[in-house]
């Protein structure tokens, strides 16, 4: 495999989209819509990481969760808060966040527009006693 390029098709001030990505509504509740786009993962032949883009609509939030692996996050648009362990920190465009293994975390959009961020995790992880690919078992809206 020679690599993959997903060309940016959005607008740097408003819409963050890339061609050829796989997306879904990650969380779709009244007043809490979160979308997820896989940009690099198993399909692209990435053996060591999965690269994703999340967008949380105004007033929304991610799940409060913890995992036995690191996350790397870069905020591309908007403003919000990140819960890391038992501390909450303000976040905004350009901020980079490291979430250590097993750290309780949650991202909340406190702004008026979307909060969008890139997220890098391991390509494979343990789930229910088995090693699985990060995107295994996900049904995407579009591929």
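Within segment 21-34, does at least one residue satisfy the condition of being in a loop (DSSP other than H, G, I, E, B), exposed (fewer than 14 other Cβ atoms within 10 Å of the Cβ) and either more than 14 Å from the chain's Cα centre (by Cα) or at pLDDT 95 or above (or both)? Don't jump to the end; show me each part of the working.
Residues of segment 21-34 that are in a loop (DSSP other than H, G, I, E, B), as a first pass: 21, 30-31.
Next, only the ones that are exposed (fewer than 14 other Cβ atoms within 10 Å of the Cβ) stay: 30-31.
Those still in the list that are either more than 14 Å from the chain's Cα centre (by Cα) or at pLDDT 95 or above (or both) too: 30-31.
Looking for residues that are in a loop (DSSP other than H, G, I, E, B), exposed (fewer than 14 other Cβ atoms within 10 Å of the Cβ) and either more than 14 Å from the chain's Cα centre (by Cα) or at pLDDT 95 or above (or both), one finds at least one in segment 21-34, hence yes.
Is it the case that residue 46 is out of contact with any helix residue (DSSP H, G or I) (no Cβ under 7 Å at 6 or more places or on another chain) and either assigned to a helix (DSSP H, G or I) or more than 17 Å from residue 120 (Cβ to Cβ) (or both)?
Values: out of contact with any helix residue (DSSP H, G or I) (no Cβ under 7 Å at 6 or more places or on another chain): yes; either assigned to a helix (DSSP H, G or I) or more than 17 Å from residue 120 (Cβ to Cβ) (or both): no.
It is false that residue 46 is out of contact with any helix residue (DSSP H, G or I) (no Cβ under 7 Å at 6 or more places or on another chain) and either assigned to a helix (DSSP H, G or I) or more than 17 Å from residue 120 (Cβ to Cβ) (or both).
Restricting to segment 109-141, name every residue that is over 13 Å from the mean Cα position of the chain (by Cα), surrounded by 12 or more Cβ atoms within 10 Å (Cβ to Cβ) and part of a strand (DSSP E or B). Full working, then the answer.
The first filter runs over segment 109-141 and keeps only residues over 13 Å from the mean Cα position of the chain (by Cα), leaving 109-114, 123-133, 136-141.
Subsequent filtering for residues that are surrounded by 12 or more Cβ atoms within 10 Å (Cβ to Cβ) retains 109-111, 113-114, 123-127, 132-133, 136, 138, 140.
Selection gives 109, 124, 125, 126, 127, 132, 133.
Is it the case, given these coordinates, that residue 50 is buried (at least 16 other Cβ atoms within 10 Å of the Cβ), under 14 Å from the mean Cα position of the chain (by Cα), at pLDDT below 95 and more than 19 Å from residue 32 (Cα to Cα)? Working first, answer last.
Values: buried (at least 16 other Cβ atoms within 10 Å of the Cβ): yes; under 14 Å from the mean Cα position of the chain (by Cα): yes; at pLDDT below 95: no; more than 19 Å from residue 32 (Cα to Cα): yes.
Taking the combined requirement at face value, the residue does not satisfy it.
Residues being surrounded by fewer than 16 Cβ atoms within 10 Å (Cβ to Cβ), assigned to a loop (DSSP other than H, G, I, E, B) and at pLDDT 95 or above: count how many of those fall in segment 67-85.
Summing the residues that are surrounded by fewer than 16 Cβ atoms within 10 Å (Cβ to Cβ), assigned to a loop (DSSP other than H, G, I, E, B) and at pLDDT 95 or above in segment 67-85 gives 1.
Only one of these conditions is not met by residue 45: (1) surrounded by 15 or more Cβ atoms within 10 Å (Cβ to Cβ); (2) out of contact with any strand residue (DSSP E or B) (no Cβ under 6 Å at 6 or more places or on another chain). Which number is it?
(1)
The values are calculated or read from the model by the stated rules, or taken from the named source; none is laboratory data. Source: prediction; values computed, not measured. Here Cβ is always computed from backbone atoms with ideal geometry, including for glycine, and neighbour counts include all displayed protein chains.
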